[in-house]
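Here the structure comes first, spelled out in structure tokens, and everything after it is commentary.
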Amino acid sequence: MYLNDEKEIDLIDLFAEWLSRWRSLCAFLLIGMVVAGIYIYIASTNASTDVSVDTSSDLSSLTDEQLATLSLDDMAAMLTEQDMLAINELIALNDEYVANITAYEAQKDSMDLKDRAEALSYIATTKNAVLTGKNALTDDELVYYYYYYYQQAGIDWTDTTANTSVTTATTSTASSGSIKYAIIIILVAIFLHIAIVACSYIFNNRIKHSDRLTDMVKVPEFTRAINWDNVDAGRGLDRLVSSIRFSGIRRTPLEEVLDINASATIDKMNNKNYSSVAIVGPGLKDERQLLASRISDASSANVVKSIDSITHSVNGADEIAGVDAAILAVRVAATRYSDFMEELQSLRDRDVDVIGIAVFE
């Protein structure tokens with residue numbers, strides 16, 4: 001008989017399991033960051049080394065070297081009539097602003113106070129109009145606008161001290177796109193780690209902390225035996241995982257829990273007039289021995305055996321002969337469901353009364 005019943009997934013325990021894999025999460029993050037860095041480097045390298053001009057591209061997507069090979073007519077051919085209309089209006093407005101400043105500087109000494117105030121007010125209004133118009137331009141229109149004035153002033157477009165503003169405008173879109181995809185790569189690494197941990201948790205064949213075996217097999221569980229020294233030994237995130245996983249559980253010392261479970265075993269044996277009991281648990285020699293010794297100390301009249309397996313061991317099958325009752329010992333994250341169910345079924349096939357499950361953590 002195997003455990004075919006549906007099992008509920010405890011989301012808190014699943015989160016604790018994911019958090020307990022923080023080392024592998026760091027590895028996934030590191031890999032994601034490396035891949036993202038390589039992507040950004042390749043994207044920036046391609047943008048800076050590809051100097052061929054594609055006239056179907058936008059002006060703002062071209063590099064400084066590519067723009068330096070274009071004339072104003074070439075740039076105008078890459079823009080629409082509406083683009084050129086907006087640019088020419090702004091150029092005319094800016095020229096008017098510059099002309100007003102030049103005229104004011106030449107005539108201010110001969111102007112009275114009222115005329116000066118009016119001239120300065122008009123200049124300020126014109127300046128605000130230029131700034132507003134400039135902010136309304138698209139990235140492509142800004143490239144043409146700046147390049148127009150660079151050519152008028154005889155400034156080399158590839159002079160990095162002269163084209164800082166334009167370089168920012170032309171590369172901002174590409175840079176933001178690269179960073180966006182880099183962030184997506186890192187997020188994919190995180191979600192991939194979550195998916196792997198979740199699948200491992202769901203399909204893992206080992207008993208989980210959140211399992212309630214009584215509900216699965218209708219055999220009562222003893223008080224869980226938790227070694228709090230091991231729980232408290234964790235540091236950093238491991239300690240946080242333990243605090244999440246064991247929150248709400250009363251911190252009864254392991255020695256007291258073993259004494260309580262031993263007393264419960266003896267009471268059940270006395271109620272059913274049993275004289276012998278076996279602690280059965282594959283691969284749990286130390287755990288079986290702890291509980292067996294406590295039962296023996298509490299009742300020397302009863303025979304107590306510690307058996308590794310009666311399903312996969314000839315010696316175990318021989319030792320269980322004549323035993324009245326049995327306790328199945330399991331360890332969370334170590335005992336497999338299949339082993340647990342095989343031992344339970346084998347005990348029932350031999351008419352051995354399984355009076356409890358001892359869960360160790």
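The values are calculated or read from the model by the stated rules, or taken from the named source; none is laboratory data. The structure displayed is predicted, hence computed values, not measured ones. Counting neighbours? That spans all protein chains shown, and the Cβs are built from the backbone with ideal geometry, glycine included.
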Can we say Ile87 is β-branched (Val, Ile, Thr), in contact (Cβ under 8 Å) with a residue 60 or more places away in the chain and assigned by TED's automatic domain parsing to the domain that holds Leu131? yes
From the set of residues in the range 97-134 that are out of contact with any Leu (no Cβ under 9 Å at 6 or more places or on another chain) and polar (S, T, N, Q), which is surrounded by the most Cβ atoms within 10 Å (Cβ to Cβ)? Asn100
Whichever residue in the range 231-258 is among the aliphatic types (A, V, I, L, M) and assigned to a loop (DSSP other than H, G, I, E, B) and, among such residues, is farthest from the chain's Cα centre (by Cα): Ile249
Counting only residues that are in a strand (DSSP E or B), over 41 Å from the mean Cα position of the chain (by Cα) and of a type in the set (A, V, I, L, M), the range 278-313 contains a total of 5
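Residue by residue, here is whether (1) of a type in the set (Val, Ile, Thr); (2) exposed (fewer than 14 other Cβ atoms within 10 Å of the Cβ) holds:
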position	(1), (2)
Phe203	no, yes
Val219	yes, no
Trp228	no, no
Asp232	no, yes
Thr252	yes, no
Enumerate the pairs (first residue in the range 18-29 and within 12 Å of Ile194 (Cβ to Cβ); second residue anywhere and of a type in the set (Gly, Ala, Ser) and surrounded by fewer than 19 Cβ atoms within 10 Å (Cβ to Cβ)) with beta-carbon separation below 8 Å, excluding pairs fewer than 6 apart on the same chain, so at least 6 apart or on different chains. Trp18/Ala198
Would you confirm, using the coordinates I've provided, whether Ser276 is surrounded by fewer than 15 Cβ atoms within 10 Å (Cβ to Cβ), hydroxyl-bearing (Ser, Thr, Tyr) and under 18 Å from Ala329 (Cα atoms)? no
Report, ordered by the first and then the second residue, all pairs with beta carbons closer than 7 Å, sequence separation of six or more or different chains, a first member in the range 183-205 that is at pLDDT 90 or above, and a second member that is surrounded by 14 or more Cβ atoms within 10 Å (Cβ to Cβ) and of a type in the set (S, T, N, Q). none
Among the residues listed as Ala317, Ala321, Ala334, the single one being over 45 Å from the mean Cα position of the chain (by Cα) and either of a type in the set (D, E, K, R) or in a loop (DSSP other than H, G, I, E, B) (or both): Ala321
Residues that are buried (at least 22 other Cβ atoms within 10 Å of the Cβ) and either touching a Phe, Trp or Tyr at 6+ places or on another chain (Cβ under 7 Å) or over 21 Å from Arg350 (Cα atoms) (or both), drawn from the range 262-273: Ala262
Does any residue of the range 149-159 turn out to be farther than 30 Å from Leu347 by Cβ and at pLDDT 85 or above? no
Test result for Asn270, free of Cβ contacts under 8 Å to residues at least 24 places away in the same chain and either outside any loop (DSSP other than H, G, I, E, B) or in contact with a Leu (Cβ under 8 Å, 6 or more places away or on another chain) (or both): yes
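So in the range 323-343, with the set limited to residues that are surrounded by fewer than 22 Cβ atoms within 10 Å (Cβ to Cβ) and in contact with a Leu (Cβ under 9 Å, 6 or more places away or on another chain), which one is nearest to Ser293 (Cα to Cα)?
Across the range 323-343, the extreme among qualifying residues is Arg331.
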Got at least one residue in the range 345-352 being within 30 Å of Val231 (Cβ to Cβ) and buried (at least 19 other Cβ atoms within 10 Å of the Cβ)? no
For the range 337-354, the count of residues that are aliphatic (A, V, I, L, M) and under 44 Å from the mean Cα position of the chain (by Cα) equals 3
Could you please let me know if Ala129 is part of a helix (DSSP H, G or I) and over 26 Å from Met75 (Cα atoms)? no
